């Protein structure tokens, strides 16, 4: 049921963002702290086995928010550890997220070279 | 004559005159309620330069030259330049002073710089150490954002207490009372002032600068009234620099606590320069805010005779990203200058 | 370490006053906007996932990598075009929390500091916000991996 996938992606993804919004509005955490918090919480929830069910239910709704980045890191590290032991614990997380990080560096650099920031009205 | 009253307040024996003002602002300020008063409104806030920092120093230099031109003067005829801005090492003022090559004393008083420079300039003239002093201050939205806050293209929301840094440069030319040459203003004299103390009531929120500065403004006003033995009603208007809407509210509150009734005489440059319809949250801020509002608008109103006694009290939030990250609160300061129409 | 200075009664009273009178942001509409925009961004991600799974027939790791790369590309490009900050001003956390917001946090300082040079400006400042995210994310993942080793061993 593809349409249900989109429904859950919307609902869960939106709900995770609402948690972030509540933190910003009520505790005045800066976006930088929110991002750090979310990625770390994602790793921890994954380690506790609590995030996997959310990914199965919501797909991109759980992987696109930054907690999903944490999920990919945590899952990668755990799988690495199971397969290759201590070395895998070190390499697993970065291996699993290499695509996103490399893309961020490349596209980040290219955009910076091409575009110039504009004043806000 | 006693030139010093109490600890903080000074009066001038031979009050210096403000002979002219020069202002230049960015397009958002130009669209505001005071738009038509500014000498020059930039459509492009890089002003053809490679960076905003370079544009800001060009604005500083330009504002000084505008003020001088009104008196048909050239930089070599000026004894002293006093000024500052918000950037680290006050690079705007330093580099503009390099171009103007007027003897220069750089000031840092955050957004209180315009009042600080007028106060010091008047004291130097009254003391006989200078005849003609140019006073100037600038700020630029983009340079301030990147130094104090986030990159411009970063997505996020401002909080309702935030204020928008004014892109603008303002300069005043102070002359000794005997001056008889060309001038924009004939009647405006700086007759005294009060040097503020640094006051900090522990506000740590960098997007609530109005609340951080309000205690300093109230402290300086109270010291002024006490030492000069005058009252709020002796002034037609008491103008603060950039408390903004919320800061003004807290200022009134603090004054009430001190037994001072502002009697509807309080105005704030941060509230005047933008209209609430412009999305600027609590109003304007920055050195340029009070500098352009004074030189473009308030002095003209005063010259016309709309008010005869004004207490110009620019307020500064002496915040630093480093101190903020180390958990320090934001100290505030306010300096007051008495301007009279004679 | 120096002990934190006690607040004077005057400071306490003023801070209390400020807290009470401060204009507040309207949390409910902000949350609604964050929900809608965050949800929509995730739906775009879901479309990319579906494309990877069905059309490209990628394995789950490939799908995850493709989604991350495409979303980062979108976030980075919208930032470059000067659109993402406008979305952010409306959506708040709705555009901060998704990985597109992570891309925004990389591109925006990188663009802004171009004038300080491509090495110590763009390249160094790129990680002012993303750096901490990677430090804590990767750091936590290694810890989790090591704990897994211990438990499995």
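Structure above, values below:
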{"read-out": "Theoretical ellipticity at 222 nm over chain B - DSSP helices of four or more residues, -39500 (n - 2.57) apiece, nearest 500", "value": "-9500 deg cm²/dmol"}
{"read-out": "Calculated log₁₀ intensity ratio I(q)/I(0) where the Debye formula runs over C-alpha points of the protein assembly as shown, q = 0.06, 0.07, 0.11 Å⁻¹", "value": "-0.38, -0.50, -0.99"}
{"read-out": "Inter-chain Cβ neighbour average for residues B:251-264, partner chain, 10 Å", "value": "1"}
{"read-out": "Residue C:28 versus residue B:105: modelled label distance in nm, points set 7 Å from Cα along the beta carbon direction", "value": "5.7"}
{"read-out": "Equivalent ellipsoid, chain C (semi-axes from 5 times Cα gyration tensor eigenvalues, Å)", "value": "35, 24, 21"}
{"read-out": "Neighbouring partner chain Cβ atoms per residue of C:12-22, average, 10 Å criterion", "value": "5"}
{"read-out": "Residue-averaged beta-carbon neighbours from other chains (10 angstrom radius) around B:76-89", "value": "0"}
{"read-out": "Per-selection Kirkwood Rh - region B:110-231 (Cα, Å, 1 d.p.)", "value": "17.4"}
{"read-out": "Scaled radius of gyration (Cα, divided by 2.2 N^0.38 Å) that region B:4-175 gives", "value": "1.07"}
{"read-out": "Scattering profile of region A:2-97 at q = 0.13, 0.17 Å⁻¹ [log10 I(q)/I(0), Debye over alpha-carbon scatterers]", "value": "-0.47, -0.75"}
{"read-out": "Relative packing of peptides B:211-224, B:177-190 - highest average C-beta neighbours within 10 Å first", "value": "B:211-224, B:177-190"}
{"read-out": "Relative contact order of chain B, defined on C-alpha pairs under 8 angstrom at six or more residues apart (%)", "value": "25"}
{"read-out": "Overall dimensions of region B:171-277 by Cα: Rg and Dmax, Å", "value": "16.0, 49"}
{"read-out": "Fraction of beta bridges assigned by DSSP in the protein assembly as shown that are antiparallel (%, nearest 5)", "value": "65"}
{"read-out": "20 °C / 1.002 mPa s Stokes-Einstein diffusion coefficient of region B:191-341, Kirkwood radius on C-alpha pairs, µm²/s", "value": "139"}
{"read-out": "Alpha-carbon spread of chain B, three principal axes, descending order, Å", "value": "55, 50, 35"}
{"read-out": "Relative contact order, percent, chain A [alpha-carbon distance under 8 Å, six or more residues apart]", "value": "21"}
{"read-out": "MRE, 222 nm, helices only [DSSP H, n ≥ 4, -39500 (n - 2.57), over chain A, to nearest 500]", "value": "-28500 deg cm²/dmol"}
{"read-out": "Computed over chain C: relative contact order in percent, which uses C-alpha pairs under 8 Å that are six or more apart", "value": "18"}
{"read-out": "Separation between Cα centres of region A:1-72 and region C:42-81, rounded to whole Å", "value": "16"}
{"read-out": "Packing-based ranking, highest mean first, of B:157-170, B:227-240, A:44-57 given that Cβ atoms within 10 Å are counted", "value": "B:157-170, B:227-240, A:44-57"}
{"read-out": "Inter-part distance where region B:291-306 and region C:87-127 are each reduced to a Cα centre, Å", "value": "41"}
{"read-out": "Two-site label geometry, residue A:83 and residue B:200: point separation in nm, points 7 Å out along Cα→Cβ", "value": "5.4"}
{"read-out": "P(r) weight above 21 Å for region B:267-342, C-alpha pairs, percent", "value": "41"}
{"read-out": "Estimated Rh, region C:46-90: Kirkwood, alpha-carbon pairs, angstrom", "value": "11.4"}
{"read-out": "Prolate/oblate/rounded label for region B:241-304 (Cα gyration tensor, a/c 1.5)", "value": "oblate"}
{"read-out": "Value of D in µm² per second that Stokes-Einstein yields for region C:101-153, Kirkwood Rh from Cα pairs, at 25 °C (0.890 mPa s)", "value": "197"}
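Each value in this text was obtained by applying a stated rule to the coordinates, not by laboratory testing. What you are looking at is a predicted structure, and each value in this text was computed from that prediction instead of being measured. Cβ coordinates were reconstructed from backbone atoms using ideal geometry, including for glycine residues, and neighbour counts include every protein chain displayed.
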